[in-house]
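The values are calculated or read from the model by the stated rules, or taken from the named source; none is laboratory data. Computed from a predicted structure; not experimentally measured. Counting neighbours? That spans all protein chains shown, and the Cβs are built from the backbone with ideal geometry, glycine included.
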Amino acid sequence: MMIDLSAYQRIVVLTGAGVSAASGLRTYRGPDGLWKDEEVRRAAMVETLWTEPALTWRLFGARRMPVRTVQPNAAHEALVRMEESMRADQQFLLITQNVDGLHQRAGSRKVLELHGNVTFTRCMSNSCELAPFEDGDDHSDEVPRCPKCGSVLRPDVVMFGEYLPVDTLRQSTQALRVCDLFIAIGTSGIVAPASQFVELAEVAGARTIYLNLEPMEPPNPAFHEEHLGRAEELLPRLCGMGA
Ligand code: OAD
């Protein structure tokens, strides 16, 4: 199967952990998923950040090293080429649920990070003016404090129980409401609100495609097509870019 991208004006792609699997990063669900471990799930809850930030840092600090040492794969690269192939009258937006920054490292330019980026740190206080910053430290020894206001510093990722970054969400829904092609790749499609993006695209009249290793369970009827396989193989083929 191939998609003629030139036939569309406004393309939105949503990616999930499956896109980074070939780079060697673990997904969240499934047999080897990060969330298999109860303690890890607890560490990712917003209540833990409030009461035991050291535990939050143990989980997310430890993810920094693998994220930094792996390389983008053929799926990331295919998405870069997709963006580069756009004509002036076409729009392309990549929305990712991934927190690994691999799309940007591969060279994607228009990327919205819906769930944050694990390599960045920010202040817990929403009124503090400290900007999120790239941080090489895993903070396994001590919970860091904000140099401006003294509050606890936190990883710049969305925890369970937290609202998504408001501007990012707004930009995503604006693009979805007018898109004519929507492709979701490597996501189990069960975590809201990203799991509902396909509905906005369908209402807009877009062609909606689900690409994943496994079928979506339960299947969302708003997807018109489902293609099963590995993102790093499917994506280059889909866009007519080699094998
Ligand atoms: P999941 O772990 O829920 O789903 C990953 C999907 O990728 C699964 O359906 C796999 O079958 C599929 N998959 C695995 N390897 C693949 C490959 N090589 N090619 C294509 N597909 C492959 O991850 P997400 O859907 O991204 O949120 O999870 C969504 C959110 O839930 C995450 O962003 C995270 C998590 O809680 C936060 O941390 C806020």
Among the residues of region 141-150, are any farther than 19 Å from residue 112 by Cα, in contact with an Asp or Glu (Cβ under 8 Å, 6 or more places away or on another chain) and assigned to a loop (DSSP other than H, G, I, E, B)? yes
Scanning region 25-72 for residues that are aromatic (Phe, Trp, Tyr) and away from the ligand (no atom under 14 Å from the Cβ), which turns out nearest to the chain's Cα centre (by Cα)? 57
Within region 174-209, tally of residues that are within 13 Å of the ligand (Cβ to nearest atom) and of a type outside the set (A, V, I, L, M): 8
Residues of region 101-126 being touching a Pro at 6+ places or on another chain (Cβ under 7 Å), under 24 Å from residue 196 (Cα atoms) and in a helix (DSSP H, G or I), in sequence order, are 102
Would you confirm whether any residue within region 69-78 is β-branched (Val, Ile, Thr) and out of contact with any strand residue (DSSP E or B) (no Cβ under 8 Å at 6 or more places or on another chain)? yes
So, in region 127-136, exactly how many residues are assigned to a loop (DSSP other than H, G, I, E, B) and either among the small types (Gly, Ala, Ser) or out of contact with any Lys or Arg (no Cβ under 9 Å at 6 or more places or on another chain) (or both)? 3
Exactly one of 74, 44, 78, 54 is out of contact with any helix residue (DSSP H, G or I) (no Cβ under 8 Å at 6 or more places or on another chain) and of a type in the set (A, V, I, L, M, F, W, C), and that one is 54
For region 77-92, indicate whether the set of residues that are within 11 Å of the ligand (Cβ to nearest atom) and at pLDDT 95 or above is non-empty. no
Could you pull out every one of the helices (runs of 4 or more DSSP H) wholly within region 1-66 that has 1 or more residues that are among the β-branched types (Val, Ile, Thr), more than 30 Å from residue 151 (Cα to Cα) and at pLDDT 95 or above? 18-21
Residue count, region 207-229 (criterion: part of a loop (DSSP other than H, G, I, E, B) and either within 14 Å of residue 95 (Cβ to Cβ) or within 17 Å of the chain's Cα centre (by Cα) (or both)): 1
Please give the number of the condition residue 98 fails out of (1) crowded, with 21+ Cβ neighbours inside 10 Å; (2) farther than 15 Å from residue 194 by Cα. (2)
Region 122-143: number of residues that are hydrophobic (A, V, I, L, M, F, W, C), closer than 14 Å to residue 57 by Cβ and over 24 Å from the mean Cα position of the chain (by Cα): 1
Pairs with Cβ under 6 Å, 6+ apart, first in region 119-143 and touching a residue at least 60 places away in the same chain (Cβ under 8 Å), second hydrophobic (A, V, I, L, M, F, W, C) and outside any loop (DSSP other than H, G, I, E, B): 124/152; 139/57; 143/54; 143/152
Any pair with Cβ under 9 angstrom, 6 or more apart, that starts in region 22-33 at a residue that is farther than 20 Å from residue 160 by Cβ and ends at one that is near the ligand (Cβ under 6 Å from one of its atoms) and of a type outside the set (Asp, Glu): 22/230; 22/231
Counting just the residues of region 151-173 that are part of a helix (DSSP H, G or I) and within 16 Å of the ligand (Cβ to nearest atom), which one comes out modelled with the lowest pLDDT? 166
Please find, among 217, 226, the residue that is among the charged types (D, E, K, R) and surrounded by 15 or more Cβ atoms within 10 Å (Cβ to Cβ). 226
How about region 77-100: which of its residues are part of a loop (DSSP other than H, G, I, E, B), within 13 Å of the chain's Cα centre (by Cα) and within 23 Å of residue 178 (Cα to Cα)? 97
